[in-house]
Amino acid sequence: MSSKTTKIVSWSSLAETKSVALAQMAGDILGQSPTDADTTGYITTFMAQVGMPHSDPTKWKAHALKKNELYIRTNGDLEITIAPMGGEGHAFGSCPRYLMAWIQTEITRRKNQIDCTTIELGKNLVRFVEDKLKLQWGAGKRGNATHIKEQAYRLFTSQIAVRFKLETGTGRYKIHKSLGPITTEVELFENWKNPQQDSLWTSVLHLHPDFAKYTRNYGFPFDWRVVRAIGDSPLGIDLYWCLLRWWHYIETRGEGRSQHITWPTLMQWFGAGYAATPSGRFGFKKKALKQLRNIQTLTQGKLTFGPGDHGQEDGLWIHRSRHALILPE
């Protein structure tokens, strides 16, 4: 991201009444396009269809995963598999989402360059977080250095595979696309115990060519200001990317028709770790509703809630919201 991008503090960290703070942020966001504000980011389509873990999978009350166990999520004919290869378990929470979006934005903006697989992070962890991710560092001498470094290592040593089913005139096929490891080599900030001091060398990511190519070919734009205003809610970030993808589909291929998604379906996509029980489903729906209403405020996108037209159970209606789309640069 450009160094001139304004930092936006998460509404959830502000002392004022949260609804007032959120409305003020929405006014700032809606008052200027992401192109003019230089806040256009890019994320791959599969990140808008399923989410990475929201919390530590080894501590889930339902279907906990071991450190080396595959994380698998499905969305219709799409299946995503993430394998933790670094020995420390899966990346989880909002931090790896910011990191994934940042590197995918860097790749997309370098698509006309010969080499888009070498990404420099810099020599200073604090400056990387504040200047590149545009996030607040946090309190204390070390801030959140341990968490950021751990999540970065877990994410960048992961391996991703995408599988989907394809219908043709002659039959149905399963297609498997291995994106390989996200990186072929990782050199992270060695001076993380004193993250405000420069390291002796520049931290660098060497991205796997297949991952970089897939990201470059299947990315779509979003507004970084909305993601940062959502802040520390991984579910909120997932839902924002999901809604953008649906708003784009409704505008370009859905002939303007609204789309209905039931709560169990939304939970299947983004509710890993929630128990398939009445209390688990209630907990997911409560958190999802809160974030969906926040996204409505921040984007002025049109959403309603209720049953489907043809007897489907209660769920989310996504309506045409052309003004909420982010146009490519």
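Numbers below:
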read-out	value
Amide H within-cut-off set for Ser203, under 5 Å, with H built and near neighbours excluded	Leu121, Gly122, Lys123
Surface/4 of the Cα convex hull for the range 198-314, nm²	10.9
Most positive-pole-ward Cα, His54, Phe282, Thr44, against dipole of the range 11-324 from beta carbon charges	Phe282
³J(HN,Hα) computed for each position of the range 157-162 - Karplus, 6.51 cos²θ - 1.76 cosθ + 1.60, integer Hz, glycine/proline x	9, 7, 10, 10, 10, 10
Average Cα contact separation per residue, the range 146-295, under 8 Å, 6 or more apart, as relative contact order %	15
Residues with amide H under 5 Å from that of Phe305, placed H, sequence gap 5 or more	Trp317
Length-normalised contact order for the range 60-132 - Cα pairs under 8 Å, 6+ apart - percent	17
Net dipole in debye of the range 11-324 [+1 Lys, Arg Cβ; -1 Asp, Glu Cβ; about Cα centre; nearest 20]	520
The chain: projected area of the alpha-carbon convex hull, averaged over directions, in nm²	18.2
Cβ-based exposure ranking for Trp224, Trp102, Trp137, in which fewest neighbours within 10 Å come first	Trp137, Trp102, Trp224
Value in Å of the Kirkwood radius, where the range 142-249 supplies the Cα pairs that are averaged	17.2
For Gly93, distant residues with modelled amide H under 5 Å away	His54, Ser55
Computed over the chain: relative contact order in percent, which uses C-alpha pairs under 8 Å that are six or more apart	23
Tally of Lys pairs whose C-alpha atoms are under 30 Å apart, taken over the range 209-329, 8 or more apart or cross-chain	4
Residue (of Val227, Trp269, Tyr240) at the positive-pole extreme of the range 173-287, dipole from beta-carbon charges	Trp269
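Where a number appears in this text, it was derived from the coordinates with a stated rule and is not lab data. Only a predicted model underlies this, so the values are computations on that prediction, with no experimental measurement involved. A quick note on method: Cβ atoms are made from the backbone with ideal geometry, for glycine too, and the neighbour counts reach across all protein chains shown.
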